[in-house]
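Below is one structure, written out as structure tokens, with a few remarks after it.
The values are calculated or read from the model by the stated rules, or taken from the named source; none is laboratory data. Everything numeric here is computed off the predicted structure, so don't read it as measured data. All Cβ positions, glycine included, derive from the backbone under ideal geometry; neighbour counts span all protein chains shown. Heads up: the accessible areas ignore ligands, DNA and RNA and are worked out on the full protein's heavy atoms, side chains in. Shrake-Rupley method; radii C 1.70, N 1.55, O 1.52, S 1.80 Å.
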Amino acid sequence: MSPTQWDFPVELCCRPMAFVTLTGLDVVYNAVHRAVWDAFCANRRADRVPISFKVLPGDHEYPKCRPKRTSYEWYIPKGILKTGWMNKHLNLVPALVVVFYELDWDEPQWKEKQSECATRVEIVRQSLQGRNTKVAVVLIQKKTPLPPGEDVIASERAAALCNACELSGKSLFVLPHTDHLVGYIIRLENAFYEHAQTYYYTEIRRVKSHKEFLNKTTHQLLFVRHQFKIAFFSELKQDTQNALKNYRTAYNLVHELRAHETNILEIKTMAGFINYKICRLCFQHNTPLDAIAQFRKHIDLCKKKIGSAELAFEHAAWMSKQFQAFGDLFDEAIKLGLTAIQTQNPGFYYQQAAYYAQERKQVAKALCNHEASVTYPNPDPLETQAGVLDFYGQRSWRQGILSFDLSDPEKEKVGILAIQLKERSVVHSEVIITLLSNAVAQFKKYKCPRMKSHLMVQMGEEYYYAKDYTKALKLLDYVMCDYRSEGWWTLLTSILTTALKCSYLMAQLKDYITYSLELLGRASTLKDDQKSRIEKNLINVLMNESPDPEPDCDILAVKTAQKLWADRISLAGSNVFTIGVQDFVPFVQCKAKFHFHAPSFHVDVPVQFDVYLKADCPHPIRFSKLCISFNNQEYNQFCVIEEASKASDVLENLTQGKMCLVPGKTRKFLFKFVAKTEDVGKKIEITSVDLVLGSEAGRCVVLNWQGGGGDAASAQEALQASRSFKRRPRLPDSEVHWDGIVIQASTMIISRVPNVSVHLRHDPPALTNEMYCLVVTVQSHEKTLIRDVKLTLEKTLYVRCGTVGSRMFLVYVSYLINTTIEGKEIVCKCHKDETVTIETVFPFDVAVKFVSTKFEHLERVYADIPFLLMTDLLSASPWALTIVSSELQLAPSMTPMDQLESQVDRGENVAHSPSLGPLFCHRTSAMDSIPVISTVITLPHVIVENIPLHVNADLPSFGRVRESLPVRYHLQNKTDLVQDVEISVEPSDAFMFSGLKQIRLRILPGTEQEMLYNFYPLMAGYQQLPSLNINLLRFPNFTNQLLRRFIPTSIFVDSLALCHLDAHSDKSRQMDEYILFHVQFSHSVVSKSLRPHGLQHARLPCITKTQNLHELMSIKSVLPSNHQILYPPLLLLPSILPSIRVFS
């Protein structure tokens, strides 16, 4: 039997489509016919009906139909399904034959053409005799036909043609050859599809009619056959639901058949075919769970139906094919839009298929192990007369024999022998590798790294068995990294063993040495005798000798490898192999560590570090050289240990040599060198550690550790050691615990420790813009002379800080000094750093507020209305400050007034927020050497609004009981409009008054109206004046509450007892008029120096006038030039400073 017998037939795996043949088309010489054929075949999208077209000549001979069987009473079937039945209905027996004929309705020779067309149809019918295939005629016409019913001639001739051809009207079609040919072709396809469905429906009914004559005693095979045919015809009819239903019934009937060794293969073959159809339709219906459930059921039912024990490998091959086919179906469904998951993807089925392929290989190796004298039988029992079997799953030497008893045992024996000998020629590794490769691709796609690595190992092993050692090494080397990183040491050892065999059989020196080094290491789980053999082979390779063959290798491959090793030895080439051990686990461990656990060394102290080595091989081993490399290669020459030895001395049991490592013992090597002064401030790193095994004169291996050592397992071992609570045993002082050694591969070279002292003397805090004195004193304590000192022994520095905050000052002192280290004199550059933090503060804090002339707090000011600026000053200096002078600059929009008042001019806009400008204070501190410092105080912004009417009151500073008190109210119109003003005065219990109690008047723009009242006080004390109410008709928002900000509402009334004044009463009254506006300092407070941190209040009138609200406003301050104060009042003073009084 052919090795490919387990592959499913093509007609089973393809999508069944209705088969339609086209006759009468000359696609080679007729351009019109060629265009029609191309329209049928080209660009068949998914939306077109599923039909398979084929062009055949009109006299083509179709498969003949067998005579109809009238009874099945004495009929005994010879098998379940014939091998050619599916192909016959897919590609040989059409559902519809279409006859194309060029004929127009206005053809002059209509009778002759009609007769010729009828003859062609009759020829087709004769070739289809006995079959239910439909026949249709398509007339190719040059003109576009008229709509039905309009062309009478066409209707008559169409009816005549149908009669002549014995066709129904539904089987005659017209195809105009115009620009819309493809559209007409698609309409024809739909009509052909309906005829084909009618044919397959008839075939299904015909097959169902046969089932009535069957019995379950002798016709069990026919039940399966007919059910399969019904399902297959349903697929051709595109009725997939009924097809799935009938396939399920057929599958159940297959497993109801009585199974025996003689027919078990046929039952399994048909079960596999039907299962494939069921799973395919389930995926097509987007029910993958049903497909998976069906496949599991199929495997459970068939996995124990092995059949003949001598052909057990056939069952493994059949099982492998079942899993592979389902994996292909699963993968195809995913490409069409099905979503798979990590735990359910095609990779698992490909993996299982590979497993059964491996089982097939093992069973075949056991069953097909014939002697060389056994030859293939002649004649070949696997050949048939027709070249193919009559029924699927039958043996070629007993086709159609359904008896359970073997009539010719000798013939059966010869047939089994032929199958076994055929199986020996099968390359099982290729089959296994293909399946494993498919599984790896799926697991990689669905991110299953461990499954992928596991299968890649199996692929590597199969390549090894297939003697493709290069690919085997490539795959095994790829997965080793994963197993090292995860610590699967047993699996890694198995992989390394296979890789070592591959490298030996290819005589790859470097690979052989690398794998030997790792198999001797601590990660290897080999026994000591196996490690000893590998260690011996490694030394033989280093001695330029051939190693002993690896166990369990193919004999022929070993002979070939020995010749390769002999050639390697004889050839002169590079005998030094540098192997980076960072990515695997060698039999030697290395750790480098600088002394003192310090991150740095002073340049006048020798740099010392230790290199620890530990061997894990079974026997002591001698190395020839140890050298350390640094990022500064000038130090490499100081860190080399070398011991001359022969290659034969490598395994000598000598433990006294300085380069001999005893298994399990830690060996420490001390290195020391003097750092160069140019490397001060730089990092010295160990870039690599090289350990040489063998002699450089012969063949040697250089083990190279990057950095300070460590291999692929070091990080994991260090983590486990840190988490372990196991107590370490006590070791002698000369030994150390390997796990307790921490790799430290870098250190810093820093300058020599300076022996000088630096003192900084200063008096904090510093004031802004003031020169701050800092005195630096340097004193040397060195025993020898120092030179090139960059800073003098004592120096006074002045610094100036323009802004507040903390500042750090660094004083750096450097010098040179000669010193001797390890007998070598060097020049050291020493430096001393000293830092000081100085806090810079503002000399004083200023709090500013705006008040009216009545000392009421103002959120905003009004144009042309006087206001006062009050300042509170708080000293922040620890010492006294002297104010030399002060100055308040007025903005261009501000003008001073002669009165002791401040006001801003009326502007055009409302709600401006101009700045009042900066206040300049010129001051000095208590130190005479400090120059005068100017401090700029930025005053806050103020909101300015316009008012329509300004009211001002002239009245005495106080009144007397029962004495007339004249009061004048000045009403000034601040707008450009005539103001209608309603004025009323509300009486008060404390006053009698004379004047207009209620009046309405008009005030012209920019003019002033004066109202005179005489108030007569009745009671003494602080009394409320009669209230003046003003109502502006044009400005209803002007309220009395706003009016009360401009005029006084109360006055102090003196009693009769205090009415007698002295001769200076007029002068006192004149001074009292300023009492509400002047706040002054007494002589006891104003002095040459104010106390630090003292709070002073200043209330002085600010006299300004705003000219333009779009410009910023500022205020200049004028202070007494001979007085020093910490917080000057930020008020604009008149040109003549009045006398001052202080409220203490």
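A few remarks follow.
- Accessible surface of the stretch 918-987, 1.4 Å probe, proportion on carbon and sulfur as whole %: 52 percent
- Note on the stretch 295-390: semi-axes of the ellipsoid equivalent to its C-alpha gyration tensor, largest first and rounded to whole Å, are 34, 17, 13.
- Measuring between alpha carbons in the structure, the pairs from K245/K304; K536/K593; K113/K142; K304/K445 lying more than 22 angstrom apart are K245/K304; K536/K593; K304/K445.
- Surface share of carbon and sulfur [accessible, 1.4 angstrom probe, percent] for the stretch 428-575: 54 percent
- Mean sequence separation of contacting Cα pairs (under 8 Å, at least six apart), scaled by the length of the stretch 190-256, corresponds to a relative contact order of 32 percent.
- Relative to the current alpha-carbon distance between V182 and F1035, full extension at 0.36 nm per residue lengthens the span by 298.2 nm.
- For the stretch 445-547, applying the loop criterion from DSSP together with a ceiling of 10 other beta carbons within 10 Å to the trypsin sites (Lys or Arg not before Pro) yields K447, K527.
- Translational D in µm²/s for the stretch 142-301 (Stokes-Einstein at 25 °C, 0.890 mPa s, Kirkwood Rh from C-alpha pairs): 126 µm²/s
- Rounded accessible area per residue of the stretch 94-210, 1.4 Å, Å²: 52 Å²
- For the stretch 323-373, the pair-distance distribution built from all alpha carbon pairs, in bins 10 Å wide starting at 0, is 24, 35, 19, 14, 7, 1 percent.
- For the stretch 141-226, relative contact order (Cα pairs under 8 Å, six or more residues apart, normalised by length) works out to 25 percent.
- In angstrom, the C-alpha Rg and Dmax of the stretch 246-320 are 12.8, 41.
- C-alpha center-to-center spacing [the stretch 520-558, the stretch 230-291] in angstrom: 56 Å
- Cα gyration tensor category, rounded, prolate or oblate, for the stretch 401-441 with a/c compared to 1.5: oblate
- Figure note: I186, I821 ranked by solvent-accessible area, largest first, 1.4 Å probe, ligands and nucleic acids not counted: I186, I821.
- With every protein chain in place, the stretch 587-637: carbon and sulfur % of accessible area (1.4 Å): 47 percent
- A simple count of charges around W105, restricted to other residues whose Cβ falls under 13 Å of its Cβ and scoring Lys, Arg +1 and Asp, Glu -1, yields -3.
- Nearby lysines by direct alpha-carbon distance to K216 (threshold 16 angstrom, same-chain neighbours under 8 apart not counted): K78, K208
- Cross-link partners of K134 among lysines, defined as those whose alpha carbon lies under 16 angstrom from its own and excluding same-chain residues fewer than eight positions apart: K54, K64, K170, K237.
- Under 15 Å from K683, Cα to Cα: aspartates and glutamates that are on another chain or at least 8 residues apart: E634
- Modelled spin-label separation between D290 and L996, with each label point placed 7 Å from Cα along the Cα-to-Cβ direction: 10.8 nm.
- Net length gained if the chain between E782 and E634 were fully extended (0.36 nm per residue, minus Cα distance): 50.2 nm
- Cα centroid separation - the stretch 1022-1051 against the stretch 608-624, whole Å: 106 Å
- Prolate/oblate/rounded call for the stretch 114-201, Cα gyration tensor, a/c under 1.5 rounded: oblate
- Kirkwood Rh, angstrom, the stretch 836-876 [1 / mean 1/r, Cα pairs]: 12.6 Å
- Averaging 1/r over each pair of different alpha-carbon atoms in the stretch 410-494 and inverting the result gives 14.6 Å, the Kirkwood hydrodynamic radius.
- Residue-span extension gain [T144 to D739] - 0.36 nm each, minus C-alpha spacing: 204.6 nm
- Å³ per residue enclosed by the Cα convex hull of the stretch 208-249: 56 Å³
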